[in-house]
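Student: Structure below; questions to follow.
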Amino acid sequence: MKLFYAPGACSLSPHMVLCEAGVHFDLERVDLATKKTEQGDDYLKVNPKGQVPALLLDNGNLLTEGAVIVQYIANHASSKHLMPPQTDFKYYEALEWLNYIATELHKGFSPLFNPKFPEDLKQATRKQLEKKLAYVDSQLNHKDFLLGEQINVADFYLYTILTWAKKMNLEMASLANLTHFIKNMEERPSVKTALAAEKK
């Protein structure tokens, strides 16, 4: 497998999941401005969407949506139990979290990364995101991870989004459960490994 990534982008989520799964994979960095890979190749020929992540499988198939890629990895390394079994209702709760993070949190950050977006609208966006993060905080009460004590792929996606919240100076000081969650995630070897690799 090969993961195409950009440092600090949402590709961090499948990067961490790959490390957690313990499967062999290669990394290739993408310059999102030029759409060139670190090998000098045209990334649009790999992924016409021009975005990361993209996971190139050994058989030549390509997956390009982060929330789907992490489910694929979980299924590929099923012994690691990164998704609950489909017979367990928690499986659907994990899917629910993946969809909430993708649509309500991930996409909600888009205006903050756009330098042309007016500052007053950015402020309104921050307020909306802070409300949503407060909701997530409330759901983590007495839990180490989103579904309880067992980590799942949605936790890695949430952690990725929380790194953006820090960069954008969103108000999280009062969100004790999220603070605890971040600490738990940053203690995991897989998270440390992925973060270190993306700083090279």
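The values are calculated or read from the model by the stated rules, or taken from the named source; none is laboratory data. Nothing here was measured: the structure is a model prediction, and the numbers come from that model. Note that we place each Cβ from the backbone using ideal geometry, even for glycine, and neighbour counts take in every protein chain shown. Protein only, heavy atoms only, side chains kept; ligands, DNA and RNA dropped before computing areas. Shrake-Rupley method; radii C 1.70, N 1.55, O 1.52, S 1.80 Å.
Student: Taking θ = phi - 60°, what integer Hz values does the Karplus form 6.51 cos²θ - 1.76 cosθ + 1.60 yield along the stretch 167-178, in sequence order, with x for Gly and Pro?
Tutor: Ordered by residue, 3J(HN,Hα) equals 4, 8, 6, 6, 6, 10, 4, 8, 9, 4, 5, 5 Hz.
Student: Regarding the chain, what whole-number volume in Å³ per residue does the convex hull of its Cα atoms give?
Tutor: Dividing the Cα hull volume of the chain by its residue count gives 123 Å³.
Student: Need one word for the stretch 29-73: rounded, prolate or oblate. Basis is the Cα gyration tensor (sqrt eigenvalues a ≥ b ≥ c); a/c below 1.5 gives rounded, then a/b vs b/c decides.
Tutor: Cα axes put the stretch 29-73 in the prolate bin.
Student: Right, another one. Using only DSSP helix segments of four residues or longer, with each worth -39500 (n - 2.57), what per-residue ellipticity at 222 nm results for the chain after dividing by its residue count and rounding to 500?
Tutor: The helix-only estimate for the chain comes to -14500 deg cm²/dmol at 222 nm.
Student: When the accessible area of the chain is computed with all protein chains present and a 1.4 Å probe, what percentage of it is carbon and sulfur?
Tutor: The nonpolar share, carbon plus sulfur, comes to 52 percent.
Student: Further, regarding this structure: Assuming a ≥ b ≥ c are the square roots of the Cα gyration tensor eigenvalues, decide whether the stretch 101-184 counts as rounded (a/c under 1.5), prolate (otherwise, with a/b larger than b/c) or oblate.
Tutor: It is prolate, given that a/c is not under 1.5 and a/b is the larger ratio.
Student: Follow-up. Can you tell me the relative contact order of the stretch 72-200? Whole percent, Cα pairs under 8 Å, sequence separation 6 or more.
Tutor: 25
Student: Once amide H atoms are built 1.01 Å from N in the peptide plane, which residues 5 or more positions from LEU27, or in another chain, come under 5 Å H to H?
Tutor: LEU3
Student: Would you look at the GNM of the chain, springs on alpha carbons closer than 10 Å, and say which of VAL30, VAL153, VAL46 moves the most?
Tutor: So, out of VAL30, VAL153, VAL46, the one fluctuating most is VAL46.
Student: I need the peptides 159-168, 132-141 ranked by packing, meaning the mean over residues of other C-beta atoms within 10 angstrom, with the highest value on top.
Tutor: 159-168, 132-141
Student: Pull out a ≥ b ≥ c, the square roots of the eigenvalues of the alpha-carbon gyration tensor of the stretch 1-68, then state rounded if a/c is under 1.5, prolate if not and a/b is larger than b/c, and oblate in the remaining case.
Tutor: Prolate.
Student: Can you check what the net charge comes to around LYS49, using other residues whose Cβ is under 11 Å from the Cβ of LYS49 (Lys, Arg +1; Asp, Glu -1)?
Tutor: 0
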